[in-house]
Amino acid sequence: MEREMTRSKAAMHLEHLPLFLSKQHPEFIEIFEAINDLPIDDAHCHIITDRDAFTTPQRYMQRISLAGYAVPNYFPDGVYTRWLNSDEATRRDLDKQFDIQNKVDGITSDLAESVFMKFLVKELAQFLDCEPKLEAVIEARNDRGKNYWAYVNSLFRDVNLQNIMLDTGYAEGCGADELSRFEEAIAPCRMNRLARIEMIQRELFPLDITFDEYEQRFTARLRELLDGEGNYGKKSYGMKSYLLPYIGLIRPLYDRGPAQATWRALRESFHKIPSMGRESAYNLTKDLCRYNFSLALEECLKRDIPMQIHTGDGEAPDVILRNQDPFYLEEVVRFDRDNVMRMPKIIPLHAGFPSVEKAAWISHIYPNCYFELSIMTPFVHQSLYQRYMEVMEVVPLSKILFASDAYHIPELYWLAGRWGKRYLAKALTEHVVGGSLSCDEAVDAARMILYKNNRSLYKLD
């Protein structure tokens, strides 16, 4: 019965495929139907809360826009939150001072005219059974928001999400209770937590303690995150670093001397960080962060667990875009010490997008480096199949990980699954038609990419 229901869902999806997909090679239909049935593991993603259960068209676009990924960061600390929650008079005063509404409009107005947003509206209109207009979609979505967690669960079930690897380092101030609520809501999909190095740094950097004590606390907290219940009540299956966009080329640092000097400088200048320029603030902590990163990667190597590293993407206005070149990770991938390449498991995130070729090539060259598809999936949408073709040209199929980097809006999980399967099927069909894969090999490749590689890499049951 479950098989028949899944087949029916695949048939419905086929009916709504874009014309250019439905009229191509007959092999596509066979491969798509097989792939659409498959489970998905999302190898990198974030918590969803019920803050967006009821929304407006502008607020929805703001929350989904990469330009609006951290709207409060466009303004001095606390200003945006005050503006959101204040009375009209206070909002007018803050607008005059910080031009808030104009900046928010700038984030959302152009997004409304993007092909991505127009495509998203059409896809959601089909799922929500409403008119394909943004206002109608938001109205139908708000109606579902009356039982929001059931709606979120329906999105996960529709694309057959079975595991997510959740980065708890970006959680919008949420704690253990909110994480547990999300975990319960998406069942039977399982949540597996990843810890960020920056979580520990946020806790320890403000403390007025000696470097020896800092080092002891950092190591203890790191081990608690990995082995105990330090990640909001549970263990971590791997780690994540956000260091690359801050400093660019990451050279591991084993010498505690420069880190100790940085700690002393940080104690003298911590109060100045809010007024510093981006590069000045990042340079202040550079050596200490490199040392922390090296300690964390040592712990990952001991446990044979992966380190995810933010690469490509953007997340303006805080990060330095030019620093995010995937080739800047080569020293990390090698992790040389005593003339030995120790080669821990490294995952450059976000497909290195827009430098997809570089992320693919470093994953091709080094056997311990993997390739992960998030942000590119789903934001590239129709051209995903071309990107997937490009990736599969050089990256072994056993090293490609499906992921979304979904945040704020649960539909990003769903869109990534829906479009990922659709355009992965198209790319694999091209390989079948070209003679490089058989149909069975194409479906096996999809299994590896969509869930098998993730389960093997993280040793999931």
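The table for this structure:
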{"quantity": "Using θ = phi - 60° and Karplus 6.51 cos²θ - 1.76 cosθ + 1.60, couplings along segment 164-177 (whole Hz; Gly, Pro as x)", "calculated": "10, 9, 8, 7, 7, x, 10, 9, 6, x, 6, x, 4, 5"}
{"quantity": "Accessible-area ranking of R59, R337, R193, R91, largest first, probe 1.4 Å", "calculated": "R337, R59, R91, R193"}
{"quantity": "Stretch gain in nm, segment S398-D440, where the contour uses 0.36 nm per residue and the Cα spacing is subtracted", "calculated": "13.6 nm"}
{"quantity": "Rounded percent of accessible protein surface that carbon and sulfur make up, segment 177-236, 1.4 Å probe", "calculated": "45 percent"}
{"quantity": "Bins of 10 Å, starting at 0 and running to the largest distance - Cα pair percent for the chain", "calculated": "4, 19, 30, 27, 15, 5, 1"}
{"quantity": "Computed [θ] at 222 nm, deg cm²/dmol, the chain (DSSP H ≥ 4; -39,500 (n - 2.57); rounded to nearest 500)", "calculated": "-16500 deg cm²/dmol"}
{"quantity": "Cβ-placed point charges (K, R +1; D, E -1), dipole of segment 138-247 about Cα centre in debye, nearest 20", "calculated": "460 debye"}
{"quantity": "Charge dipole magnitude, Cβ of K and R +1, D and E -1 - the chain, Cα centre, debye nearest 20", "calculated": "440 debye"}
{"quantity": "For a label point 7 Å along the Cα-to-beta-carbon line of A150, residues of segment 53-78 with backbone N under 20 Å", "calculated": "53-55"}
{"quantity": "Volume of the Cα convex hull of segment 186-311, divided per residue and given in Å³", "calculated": "127 Å³"}
{"quantity": "Of the GluC sites (Glu not before Pro) in segment 68-140, those whose Cβ has at most 13 other Cβ within 10 Å and which sit in DSSP loop", "calculated": "E113"}
{"quantity": "Segment F54-S456, extension gain: residue separation times 0.36 nm, minus the distance between their alpha carbons", "calculated": "140.9 nm"}
{"quantity": "Estimated vicinal HN-Hα couplings, Hz - segment 242-250 in sequence order (Karplus 6.51, -1.76, 1.60; Gly, Pro = x)", "calculated": "10, 6, 3, x, 7, 10, x, 3, 9"}
{"quantity": "Theoretical FRET efficiency, 1/(1+(r/R0)^6), r = Cβ-Cβ of M341 and L66, R0 35 Å, to 0.05", "calculated": "0.50"}
{"quantity": "Contact order relative to length of segment 144-287, as percent, for alpha carbon pairs under 8 angstrom and 6 or more apart", "calculated": "21 percent"}
{"quantity": "Subset of K302/K426; K358/K421; K118/K421 violating a 30 Å alpha-carbon distance limit", "calculated": "K302/K426"}
{"quantity": "Among L384, P354, N192 the positive-end extreme of the charge dipole of the chain (Cβ point charges)", "calculated": "N192"}
{"quantity": "Rg over Rh, two decimals, segment 327-461 (C-alpha only, Kirkwood Rh)", "calculated": "0.99"}
{"quantity": "Positive-end residue, segment 273-352 charge dipole about Cα centroid, Cβ charges, pick of C289, I305, P326", "calculated": "I305"}
{"quantity": "Antiparallel bridge percentage (DSSP; both residues within the chain; nearest 5)", "calculated": "10 percent"}
{"quantity": "Ellipsoid equivalent to segment 209-266 - semi-axes via the Cα gyration tensor, in Å", "calculated": "23, 17, 9"}
{"quantity": "Per-residue HN-Hα couplings for segment 273-290 [Karplus 6.51, -1.76, 1.60; θ = phi - 60°; Hz; x = Gly/Pro]", "calculated": "4, x, 9, 7, x, 4, 5, 4, 5, 5, 5, 4, 9, 3, 5, 5, 5, 5"}
{"quantity": "Chain lengthening between T90 and I273 when straightened (0.36 nm per residue, less Cα-Cα)", "calculated": "63.1 nm"}
{"quantity": "Amide proton proximity set for E372, modelled H, under 5 Å, gap of 5+", "calculated": "A351, L401"}
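The values are calculated or read from the model by the stated rules, or taken from the named source; none is laboratory data. Treat the numbers as computed from the prediction; the structure is a model and nothing was measured. All Cβ positions, even for glycine, are placed from backbone atoms using ideal geometry, and neighbour counts span all protein chains on display. To get the accessible areas, we keep the full protein, side chains included, count just its heavy atoms, and leave off ligands, DNA and RNA. Shrake-Rupley method; radii C 1.70, N 1.55, O 1.52, S 1.80 Å.
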